[in-house]
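*Asks:* Following this message is one structure expressed as C-alpha cells.
The values are calculated or read from the model by the stated rules, or taken from the named source; none is laboratory data. This one's a predicted model, so the numbers in the text were calculated from it and none came from an experiment. Every residue, glycine as well, gets a Cβ built from its backbone with ideal geometry; the counts of neighbours run over all protein chains shown.
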Amino acid sequence: MTQKGKYYVTSGCSFSNETNTWSVHLKKYIIENELGECYNFGSGGGGIDWTRRSIMQGVLDLLNTGVSNNDIKVIVSWPWRNEWEQPVCLSDEETKSFLENKEYQTKFGMANRVYGSNFDKIGFKKRSTFESEYLFKYLVSYDKETWWTRCGEYRYGGLIKGLCESREDKYYLGLQYMEYFESILSLQMFLETNSIDYTFFAVKNIQRVTTYKTWEECFKWDKSSEFVTSLDCSCKDCHSALNDGWKGQYKRLISPNLLNQKMVYEEYPFIKLIYDQIDWNKWWSYKSDVNDFGGTTECVSEQCDIFAYHHDMDGVLISHPNFHAWKDWFDNYLHLHLKNKGMIT
C-alpha cells in the first residue's frame, strides 16, 4: 500500500514546535521520502487547549478542501500542563493591524503568535480589567482569524483556591488531571468520528500522579554513562552551548522511579470514568525498570546522548532536549512506532 499523498497533522507544546524537535525530523523524513505534506501546530507554551483545538482545525481545514479522511494522519504529543486558553474578541481593524505589522509576529510551522508587549503599537489596547502580567503576554492563532490568550494552568482559579487548594491531599491536582484526560478523550472522539488515523504520546508519564518533587527534581545523572568534554559538532545548538560556556557532562540521565506512585484514578477515583474510555492502545509509551507509561522526556533522557547541555551539574537536570537527542528519538522510537502503525513506510 502506497503512502504517497498523505497529510500529517501534528501538534503539542514546545516539545513539538518547528525549531529543533521531533516534528522537524518527521517533516524532513516525509519530504525526503515523498510521503506527503506535514502541518505542524506545535507551539511553545501551549497546553491541552491549544493541542486539541489546533489538531481539530488542521483536520477540518483538510477535509473542507476535499482531502479524504483516509489520507490524513494525526500525531499528537500531549503537553505536561493544562494551560487554559481563552479567545480574545477583536474587531476587524484590530485583526488587520496584527497581520499588517509583521515585525511583531512569529510563525513556526502552522502556529502564529503576536507578542503582547507590542499591543499598544499595533492597535490593540489592554483593558484595565486585564492588567495581569501573564494575561495578554502574547496571542496565538492556528488560522489567523481566531486569536487566543493563555491564562495559566488553573481554569477555575478562584473556585479551586476557595474550595480545595488548602486540602492536604492536593485535591486540586485531581481536577487538573480530570480536565487533562477529558481533553484527550474529546480529541480521540473527534478523530474517531471523522475516521482519522492517529497516534498519541505525552511529554511525561501522565498515568502516574507526579509533582515537582517527585518528577522534575528527581532526574539524576547516570554516572555509568560516558562523561564527555567535547561536542565535535558545528550545528547551531552545539555552537551555542560552547559559546555559553559548556564544559562537559555525562551522556545520560536516570529518570524518576514512578512505579511506586499511584495511578491517577487510584488517587482520584472520579477520573476513572474518563480514563477507561481512552484508547491507550493508540499510544506510544516508554517502559523501563522505573517507568511503565513514560513519555518522551523519560525516554530521551535515558536513551539518547546529551539530552540537553548542562552548565550546572547540580541543578534541576530536566529541560528541553536538543536537536541531536530529538533526532535519536525520532530515528529509534517514533519512526519505528509509526511504521508499525502503518502511518509511514
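*Asks:* Could you list, in sequence order, the residues of region 211-253 that are modelled with pLDDT of 90 or more, part of a loop (DSSP other than H, G, I, E, B) and among the β-branched types (Val, Ile, Thr)?
*Replies:* Within region 211-253, just 229 meets the criteria.
*Asks:* Continuing with this model, one more query. Using beta carbons and a limit of 6 Å, which pairs, at least six apart or on different chains, have the first residue in region 297-324 and hydroxyl-bearing (Ser, Thr, Tyr) and the second one part of a loop (DSSP other than H, G, I, E, B)?
*Replies:* Pairs that qualify, where the first residue is hydroxyl-bearing (Ser, Thr, Tyr) and the partner is part of a loop (DSSP other than H, G, I, E, B), are 297/203; 297/204; 301/255; 301/307; 309/246; 319/308.
*Asks:* Please determine, by comparing only the residues of region 294-308 that are assigned to a loop (DSSP other than H, G, I, E, B) and surrounded by fewer than 21 Cβ atoms within 10 Å (Cβ to Cβ), which one is modelled with the lowest pLDDT.
*Replies:* For region 294-308, the residue satisfying everything is 308.
*Asks:* Still on this structure, please answer the following. List the number of the failed condition for residue 195; all other conditions in (1) closer than 24 Å to residue 17 by Cα; (2) part of a loop (DSSP other than H, G, I, E, B) hold.
*Replies:* (1)
*Asks:* Still on this structure: Given the residues 218, 304, 233, 238, which is the only one that is under 22 Å from the mean Cα position of the chain (by Cα) and over 30 Å from residue 73 (Cα atoms)?
*Replies:* 218 is the lone residue from the list that is under 22 Å from the mean Cα position of the chain (by Cα) and over 30 Å from residue 73 (Cα atoms).
*Asks:* Here is a follow-up. Please go through region 49-83 and give me each residue that is within 18 Å of residue 15 (Cα to Cα) and hydrophobic (A, V, I, L, M, F, W, C), ordered by number.
*Replies:* Residues satisfying the conditions are 50, 55, 74, 75, 76, 78, 80.
*Asks:* Here's something else I'd like to know. When you scan region 314-337, how many residues do you find that are part of a loop (DSSP other than H, G, I, E, B) and closer than 20 Å to residue 236 by Cα?
*Replies:* 4
*Asks:* Also: Quick one: is residue 311 part of a loop (DSSP other than H, G, I, E, B) and of a type outside the set (Phe, Trp, Tyr)?
*Replies:* yes
*Asks:* Please give the number of the condition residue 319 fails out of (1) over 17 Å from residue 75 (Cβ atoms); (2) small (Gly, Ala, Ser); (3) out of contact with any Pro (no Cβ under 9 Å at 6 or more places or on another chain); (4) surrounded by 16 or more Cβ atoms within 10 Å (Cβ to Cβ).
*Replies:* For residue 319, the exception is condition (4).
*Asks:* (1) over 22 Å from the mean Cα position of the chain (by Cα); (2) without any contact (Cβ under 8 Å) to a residue 24 or more places away in the chain; (3) part of a helix (DSSP H, G or I); (4) surrounded by fewer than 16 Cβ atoms within 10 Å (Cβ to Cβ): which one isn't true of residue 265, the others all being true?
*Replies:* Single failed check for residue 265: (4).
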